[in-house]
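A quick write-up on the structure given underneath.
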Amino acid sequence: MLQELVSAGTDGVYLKAIKQTGLKINMMGYAQSNARVSTLMRNFAASPYLENPDLVEIKARERKQQARFRIQHEREPEAAPG
């Protein structure tokens with residue numbers, strides 16, 4: 001999972017927190033622009049482990065010229081072998 005986050009990452013996007021509760025994963029971070037968040041969302045959607053992410057919140061930070069974002073993703077339960 002962490003390797004997928006690294007692979008899906010893009011320049012100008014910084015993850016500040018990652019929290020997993022059951023199958024739900026919440027990520028918070030900062031980006032240089034809304035376009036960078038959009039690129040991150042597309043990269044997540046292309047990943048077999050991070051598909052169907054939901055952008056829960058995005059807010060501009062005027063003084064720092066950044067966007068603060070929160071993304072939520074619910075993983076599918078893994079099928080039992082057999």
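Every number in this text was worked out from the coordinates using simple rules, so none of it is lab data. Since this is a predicted model, take the numbers as computed values, not measurements. Note that each Cβ is placed from the backbone with ideal geometry, even for glycine, and that neighbours are counted across all protein chains shown.
For the range 16-28, give me each residue that is hydrophobic (A, V, I, L, M, F, W, C) and surrounded by fewer than 14 Cβ atoms within 10 Å (Cβ to Cβ).
From the range 16-28, those hydrophobic (A, V, I, L, M, F, W, C) are 17-18, 23, 25, 27-28; that's our starting set.
Selection gives ALA17, LEU23.
Residues checked against (1) touching a Gly at 6+ places or on another chain (Cβ under 7 Å); (2) without any contact (Cβ under 8 Å) to a residue 12 or more places away in the chain; (3) among the hydrophobic types (A, V, I, L, M, F, W, C):
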{"position": "LEU23", "(1), (2), (3)": "no, no, yes"}
{"position": "VAL37", "(1), (2), (3)": "no, no, yes"}
{"position": "GLN66", "(1), (2), (3)": "no, no, no"}
{"position": "GLU78", "(1), (2), (3)": "no, yes, no"}
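Can you give me the number of residues within the range 29-38 that are surrounded by fewer than 17 Cβ atoms within 10 Å (Cβ to Cβ) and farther than 15 Å from LEU50 by Cα?
Let us first name the residues in the range 29-38 that are surrounded by fewer than 17 Cβ atoms within 10 Å (Cβ to Cβ), namely 32-35, 38.
Remaining after also requiring farther than 15 Å from LEU50 by Cα: 32-35.
Selection size over the range 29-38: 4.
Give me a count of the residues in the range 1-19 that are touching a strand residue (DSSP E or B) at 6+ places or on another chain (Cβ under 9 Å), without any contact (Cβ under 8 Å) to a residue 12 or more places away in the chain and not basic (Lys, Arg).
Start the filter on the range 1-19 by keeping residues that are touching a strand residue (DSSP E or B) at 6+ places or on another chain (Cβ under 9 Å), which leaves 1-2, 5, 9-10, 12-19.
With without any contact (Cβ under 8 Å) to a residue 12 or more places away in the chain added as a condition, the list becomes 2, 19.
Retained after the next criterion (residues that are not basic (Lys, Arg)): 2.
Total satisfying the criteria: 1.
What number of residues in the range 49-75 are touching a helix residue (DSSP H, G or I) at 6+ places or on another chain (Cβ under 8 Å) and within 21 Å of VAL6 (Cβ to Cβ)?
10
Considering only residues of the range 6-15 that are among the small types (Gly, Ala, Ser) and part of a loop (DSSP other than H, G, I, E, B), which is nearest to the chain's Cα centre (by Cα)? Let's see the steps before the verdict.
Of the residues in the range 6-15, the ones among the small types (Gly, Ala, Ser) are 7-9, 12.
With part of a loop (DSSP other than H, G, I, E, B) added as a condition, the list becomes 9, 12.
Details: GLY9: 8, GLY12: 13 Å.
Result: GLY9.
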